[in-house]
Amino acid sequence: MMLEEVGGCELLSDLEARARLEREGTRVTLAGELSAVVAASCRRCLKDLETNLDVDFRTTFLPLPELLPEEDEEELELTSEDVELSHYEGDELDLIPLIRETLLLEIDPSPLCNENCKGLCSKCGDDLNQRECGCDRASYDLRWSALQDLKKKPN
Ligand SMILES: [Zn+2]
Ligand SMILES: [Zn+2]
């Protein structure tokens, strides 16, 4: 399966998928588990991170609406609200968009290497997790709080 990146994040491992296909008339349900390792950077210190993703998914595929015989409509009503719906055409299921979406939902949009990551020094750019560089960052902090005060004031 060829998928090298998801939402701008590089995949570091092969994508593994274990899935079961269930067929019920024209309705096809795919349920299983996806796992992959994606690359990300800590939003504070920019360190490279590897994130393991393990996602359970369950999606029901229905034939495109125009292919649906009318008498089948009742039967095809969804039994569960949380089941995702996709459509298929002909005999093929296009799984790439499904996989992409499933992984995207799981990727942390603002990853941290560690909850207590101190980030980079706003002055010299040193990684504060490695060492305290000793810069005077107070002026930066002051400006920042002045900015926040401005935001609070009504115009
Ligand atoms: Zn970090
Ligand atoms: Zn510094």
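Read-outs: derived from the displayed coordinates by stated rules, not from any lab. Quick caveat, the model's predicted, so the values are computed rather than measured. For neighbour counting, all protein chains shown are included, and Cβ atoms are generated from backbone atoms with ideal geometry for every residue, glycine included.
Observations on the model:
- Förster radius 35 Å - calculated FRET efficiency between Arg100 and Asp136 (Cβ-Cβ, nearest 0.05): 0.15
- Ordering 40-47, 25-32 by mean Cβ neighbour count within 10 Å, with the highest value first, yields 40-47, 25-32.
- Site pair Glu4 and Glu33 shows an inter-label distance of 2.9 nm when each label is modelled 7 Å from Cα along Cα→Cβ.
- Each label point was placed 7 Å from the Cα along the Cα-to-Cβ direction; for Asp14 and Arg58 their separation is 2.9 nm.
- If R0 is 30 Å, the Cβ-Cβ spacing of Thr51 and Leu93 corresponds to a FRET efficiency of close to 0.65.
- Unit Cα scatterers, Debye sum, region 1-41: log10 I(q)/I(0) for q = 0.14, 0.18, 0.20, 0.29 Å⁻¹: -0.44, -0.61, -0.68, -0.95
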